[in-house]
Amino acid sequence: MQVRSVATTPFNDQKPGTSGLRKRVQVFCQAHYLENFVQSIFASIAAPPGATLALGGDGRYYNREAIQIILRMASANGFGRVLVGRGGILSTPAVSCVIRKYQTYGGIILSASHNPGGPDGDFGIKYNTANGGPAPEKITEAVYAASKKIAQYRIIDAPDVALDNLGDSKLGDMIVSVIDPVGDYAELMESLFDFAAIRKLLSGGFRIKFDAMHAVTGPYAREIFVNRLGAPPDSVINAEPLADFGGGHPDPNLTYAHELVEALYGANAPDFGAASDGDGDRNMILGRQFFVTPSDSLAILAANAHLVPGYQQGLAGIARSMPTSAAADRVAAALDIPCYETPTGWKFFGNLMDAGKVTLCGEESFGTGSDHIREKDGLWAVLFWLNILAARKQSVETIVREHWARFGRNVYSRHDYEGIPGDAANGVMRLLHERFGEWQGAQLGNYRVLFCDDFSYTDPVDGSVSTGQGVRIGFTDGSRIVFRLSGTGTEGATLRIYLESFEPDVAKHHLDAQEALAELIGIALEISELRERTGRDRPTVVT
Ligand code: G16
């Protein structure tokens with residue numbers, strides 16, 4: 001088959017964000033746009049001739065077309081084999097699993113994660129390295145640099161590969177292996193958790209509801225919860241993956257997973273509820289009329305890991321992203337293991353896991369995972385919780401409250417201001433930087449400022465430094481306000497305010513987080529002049 005070199009010119013907006021390149025579908029559908037970025041990846045990763053690649057996506061609009069283009073380009077660029085999920089489907093954790101199990105050179109994931117899909121929605125692409133994890137910054141920066149000077153890309157002329165049947169076919173000199181997207185992943189889950197105990201829990205009247213949000217986890221959840229664990233079929237809702245996620249916003253939080261939230265807060269609610277996002281790496285955990293913050297969830301998984309077969313040998317350490325609450329730090333201290341604080345982005349956990357420094361990782365943005373793969377993992381978190389529930393035979397709420405009683409409660413909330421003009425968002429961040437000096441040691445209401453900085457991180461494994469990772473204002477009582485611009489949005493800017501305080505007093509643990517954090521919220525709005533500068537009087541999403 002003929003390899004063609006196609007002349008092209010650079011696009012100036014192909015800088016990967018927190019997690020790969022995410023843009024509107026229309027942007028990706030422009031002539032040469034996807035091809036330029038894919039060629040820039042291939043130019044930056046130095047894969048040897050004949051290397052194997054994993055490839056799959058969350059099934060969103062443009063997934064199939066993009067898979068065909070990438071296959072033709074992989075063939076033209078000398079790859080020997082591509083493992084692609086049937087129908088072009090692989091969740092993000094499943095890609096990580098496949099890369100590691102079959103020791104591929106790397107993998108390409110097509111997803112814009114929790115962003116909406118469809119012709120007017122978002123599309124995305126990210127590269128994962130041989131450890132199964134997101135490419136580190138030195139690779140994403142090389143890809144960006146390559147995208148700015150690209151002059152041609154390589155592709156072969158060939159008919160579409162049949163993606164719906166398992167098995168091998170040839171594309172030029174390259175083999176395309178269409179694999180079952182679910183099997184390897186489900187097997188890995190079965191090796192970590194006590195499926196017999198969970199099966200017993202579910203057969204004893206404990207009711208669960210999992211919302212796949214019409215995204216990629218539907219087939220995975222059906223196989224694991226229904227087929228392997230015996231949950232009734234209606235335990236999995238919105239299980240059919242749709243190219244536009246049924247018009248929904250596949251972000252598992254209290255705002256967007258409203259069908260699940262209504263079920264768990266309604267009459268005759270199930271005992272346990274969970275949801276995952278577009279590509280299956282996020283999770284939200286609910287008890288009956290009870291929300292578990294992602295920060296608490298990480299801490300509780302760590303404190304109960306000894307109950308789970310895959311983690312009974314103990315944890316090497318825990319890592320959390322900077323804006324995630326310090327609840328996990330308290331568990332790490334009690335277990336006498338290290339706790340690392342990294343910038344936002346799962347890619348920062350990879351080195352720590354590869355070096356054996358941490359076992360569990362988590363982020364406030366509904367991401368939790370472990371060193372079983374190198375991505376956060378939505379269904380893994382759900383199974384971890386079910387394993388704990390099966391072992392402790394208590395409700396979700398009781399487990400959380402007992403945790404707070406033992407460790408204290410890190411009261412936590414995140415306020416997102418989505419889609420604000422870039423200038424206004426940058427103005428707020430600039431103002432915060434300019435005022436640093438004034439606030440050191442200042443008294444703001446009932447809080448005294450202990451420190452103010454812009455978070456920077458030195459990777460303890462390779463010494464790489466990441467600066468400008470979010471403005472932190474720490475108070476003497478351990479409370480914190482963090483301001484950060486999101487790196488995953490595609491429309492305007494999203495400003496996030498992360499709020500945290502520590503409450504050791506059990507008598508106050510019942511308080512609603514917004515109530516408990518009210519003064520800090522007021523301080524955050526005042527010092528950032530956010531309302532004045534953006535014209536917004538309330539956040540778009542509160543979690
Ligand atoms: C991605 C990253 C996460 C990050 C999240 C939010 O998640 O993998 O590490 O916490 O975005 O990032 P930001 O605050 O910059 O929007 P996902 O699930 O979108 O891939």
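Rule-based calculations on the coordinates, nothing more; no lab input. Being a predicted model, the structure only gives us computed values, none of them experimental. With ideal geometry, Cβ positions are generated from the backbone for all residues, glycine too; neighbour counts draw on all protein chains shown.
Go through the stretch 442-543 and name the GluC sites (Glu not before Pro) that are in a DSSP coil and have 16 or fewer other Cβ atoms within 10 Å of their Cβ.
GLU491, GLU529
Ellipsoid fit via the Cα gyration tensor, the stretch 116-161: semi-axes of 22, 19, 15 Å, each the root of five times an eigenvalue, largest first. Full extension of the chain between ASP164 and ASP180 yields a length gain of 4.8 nm, computed as 0.36 nm times the residue separation minus the alpha carbon distance. For the pair the stretch 460-478 / the stretch 222-261, the C-alpha centres are spaced 36 Å from each other.
Fraction of C-alpha pairs exceeding 39 angstrom in the chain: 23 percent, rounded to a whole number. Ordering PHE436, GLY422, LEU485 by Cα displacement along the dipole of the stretch 387-543 toward the positive end leaves LEU485 in first place; charges were set at the Cβ atoms of Lys, Arg (+1) and Asp, Glu (-1). Across all C-alpha atoms in the stretch 343-477, the radius of gyration and Dmax reach 18.9, 52 Å. Rounded to the nearest 5, what % of DSSP beta bridges with both residues in the stretch 156-309 are antiparallel? Around 65 percent of the beta bridges assigned by DSSP in the stretch 156-309 are antiparallel ones.
Label sites at LEU431 and GLU240, each approximated as a point 7 angstrom past Cα along Cα to Cβ, lie 4.8 nm apart. Only helical runs count toward this figure. For the chain, summing -39,500 (n - 2.57) over DSSP H runs of n ≥ 4 and dividing by all residues gives -9500 deg cm²/dmol at 222 nm.
Across all Cα pairs in the stretch 392-543, the calculated P(r) in 10 Å bins from zero up to the longest distance comes to 10, 35, 32, 19, 4, 0 percent per bin. The relative contact order of the chain, computed from alpha carbon pairs under 8 Å that lie at least 6 residues apart in sequence, is 13 percent.
For the stretch 142-267, the spherically averaged projection of the C-alpha convex hull amounts to 12.8 nm². Full extension of the chain between THR458 and GLN152 gives 106.5 nm of extra length, using 0.36 nm per residue less the Cα-Cα distance. When DSSP assigns beta bridges and you keep just the ones with both residues in the chain, what percent turn out antiparallel, to the nearest 5? In the chain, approximately 70 percent of DSSP beta bridges are antiparallel ones.
Counting Cα-Cα pairs of the stretch 1-69 in 5 Å increments starting at 0 gives whole-percent bin shares of 3, 11, 23, 27, 21, 12, 2, 0. Kirkwood hydrodynamic radius computed over the stretch 129-183 comes to 14.7 Å, based on all pairs of distinct alpha carbons. Solvent-free Debye calculation, one equal scatterer per alpha-carbon of the stretch 213-309: log10 I(q)/I(0) at 0.24 Å⁻¹ equals -1.37. Test of understanding: extend the Cα→C-beta vector of ASN12 to 7 Å, then name every residue of the stretch 31-45 with backbone N under 19 Å from that spot. Backbone N within reach: 31-34, 36-37. Here, the stretch 46-179 is characterised by an Rg to Rh ratio of 0.94, where Rg is the alpha-carbon radius of gyration and Rh the Kirkwood radius.
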